[in-house]
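The structure under discussion appears below in the form of structure tokens.
Please treat every number below as a calculation from the coordinates, not as lab data. Model, not experiment: these values are computed from the prediction. Don't worry about glycine lacking a Cβ; one is built from the backbone with ideal geometry, like all the others, and counts go over all protein chains shown.
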Amino acid sequence: MRCFRHIFSLHVVFCSCVVLVALLTCPASAERRVAFVVGNGAYRHATMLPNPATDAKAIAALLRNVGFDVTEGIDLDRAGMTARLSEFAVKTQGADAALFFYAGHGIAVNGKNYLIPVDADLNSEFDIKFGAAIDIDVTLDQTMADAKVKLVFLDACRDNPFADKIRSAARTRSVTVLSGLAEMKSSEGTLIAFATGPGQKALDGKHGEHSPFTTALLKNLAEPGMEIRHALTKVRAQVSEETNKQQLPWENTNLTGFFYMNQEAAAPATAASLGTAGIAIAPSGAPPSATNPGVPGVSASSPTASNEIELEFWRSVRSSDKAEEYSAYLTRFPNGNFTSIARARLASLQAAPAPQTAPAAQATPVAKGIVDTPTINTALPTRETEDQLGLDPRQRSDIQRRLSALGYFEGKPDGNFNDNTRRAIERWQTARRYPRSGYFNKLQHDALLDERLPVIRSVDRPAPPVRRQQPQQAAAPAPAAQAAPPPAANPAGAAFMGGMIGGAIGSAIRIR
């Protein structure tokens, strides 16, 4: 009987091991990952972009290597994009992870973002709303809603080629047109990553190469064992460094667990802590940093993946002079390790006084009710805010002359705001501790206009008094020296002195 019980116990243990192995292996084999990857560059009615097609092909290859079923398209027109999106929507039903990548022109009108097919000819707001462009919010809702994890990568913040035409067609009503994309909110289980911040312009990169954003994605996204948010923090730091801080990627995330693009490196975890699609599930209501110790790289006694993400994020902003970057850190990590430093730095930037080199330039705008120092130090200028100023070529030339007089611009004041001018504006903004973007808003434009006159007065006004005083100071001693008459002659004294001299001369002659 004891032998039978022993054999039975061994059989139970063996069966339990088989079941445990099945639990550990089945989710990985049954998971489904799908992706939509499109690169549009060969535009028919707008500036052609050299790199989106190359970017999309490289991203598609990377995703296939980590287990994604990729729906790919290059230089798609409206009908082509609609067909690919319909195909993608079918694949995402019941998928564990769905990824959306787009490279090409994008546009934001009245706070809504649109992707632009290669055949789009946008002359007004009506062209956009009647279907010439692709509404991103609607597209993501219709194609990815059923996926458990939704990842969106938009390398679509290139300069908007249709902005001027849309604005000119909307003179009778208010239309807000951004050159880049507007901010987007992510739903639960979604991460949205932009090539740069809302309303900002992203660089396309050198011809025949990848854009800075795609280059960083290719390097970091599928790194073995790298959690997606950690990878994007490294992407952010790389792009900022390679563009000399001209471009800073931005993301909005609402993931409820950890996600690993390279899920082979994300093992070994217990079946309870590691879900499908390489997702490490956090306990309900707990932040990622409090995830079960069974999650790879997460334990109570070792640095968590969340801490590594925070550290990389902090490294990317700690030397910044932009208030919005410290705000982004505090929003992302409200209870982080560096919050006290970030709050102090943010307060310092927001309360920084206006420049002391031109006192009158500070006093005049405030007196006019134009510039409030805390506001000008927090209001970020964008291409849109500059476009709203309606600067004509003469006014642009005047700005260049002012920047040249202040020592920030070297070049011909031709009214062309090229890269040289943008860098000059950034240098001026940095020196005055204003939010730096290379563009103007009304506050900063007014501050520059009021700064010019005090500089001229400080150089020219003292000179005339010096020229008027110098002749007076030099001539004053002369009259005193010339007007002083010789002492008046004393007749008695003269006779006495003459007699004495004559007597002495006569005695000398008689002695001889």
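Excluding Arg33 itself, calculate the net charge of residues whose Cβ lies under 11 Å from the Cβ of Arg33, where each Lys or Arg counts +1 and each Asp or Glu counts -1. So the surrounding residues net to +1. Taking amide hydrogens as placed 1.01 Å from N in the peptide plane, the amide H of Asp77 sits under 5 Å from those of Val118, each at least 5 positions away in sequence or on another chain.
In this structure, the amide hydrogen of Leu255, modeled 1.01 Å from its nitrogen in the peptide plane, lies closer than 5 angstrom to those of Gly189, Thr190, counting only residues at least 5 positions away or on a different chain. A cut-off under 11 angstrom between Cβ atoms defines the neighbours of Trp250, and their net charge, with Lys, Arg +1 and Asp, Glu -1, is -2. With each label modelled as a point 7 angstrom along the Cα→C-beta vector, the Arg318-Thr253 pair spans 1.9 nm. For the pair Asp69 and Glu188, label points projected 7 Å from Cα toward Cβ lie 2.6 nm apart. Note on Thr430 and Leu311: their simple-model spin labels are 2.9 nm apart, each label 7 Å out from Cα toward Cβ.
Length gained on full extension, Met48 to Thr339: 100.4 nm, using 0.36 nm per residue less the C-alpha separation. Sorted ascending by nearby beta carbons within 10 Å, beginning with the fewest, His230, His105 become His230, His105.
Ranked by how many other Cβ atoms sit within 10 Å of their own Cβ, fewest first, the residues Arg236, Arg401 fall in the order Arg401, Arg236. Taking other Cβ atoms within 10 Å as a rough exposure proxy, Tyr43, Tyr114 sort from fewest to most as Tyr43, Tyr114. Using 0.36 nm per residue and subtracting the Cα-Cα separation, the extra length available between Ala61 and Ala83 on full extension is 5.8 nm. Using C-alpha pairs below 8 Å separated by at least 6 residues, the relative contact order for the stretch 86-161 is 49 percent.
So, R0 is 45 Å and r is the distance between the beta-carbons of Asp137 and Ala405; what FRET efficiency does that work out to, to 0.05?
Working: r = 46 Å, r/R0 = 1.03.
So the FRET efficiency works out to roughly 0.45.
Just the projected area, averaged over all directions, of the convex hull on the alpha carbon atoms of the stretch 26-254: how many nm²?
Values: hull surface 47.5 nm².
Across all orientations, the stretch 26-254 yields a mean hull projection of 11.9 nm².
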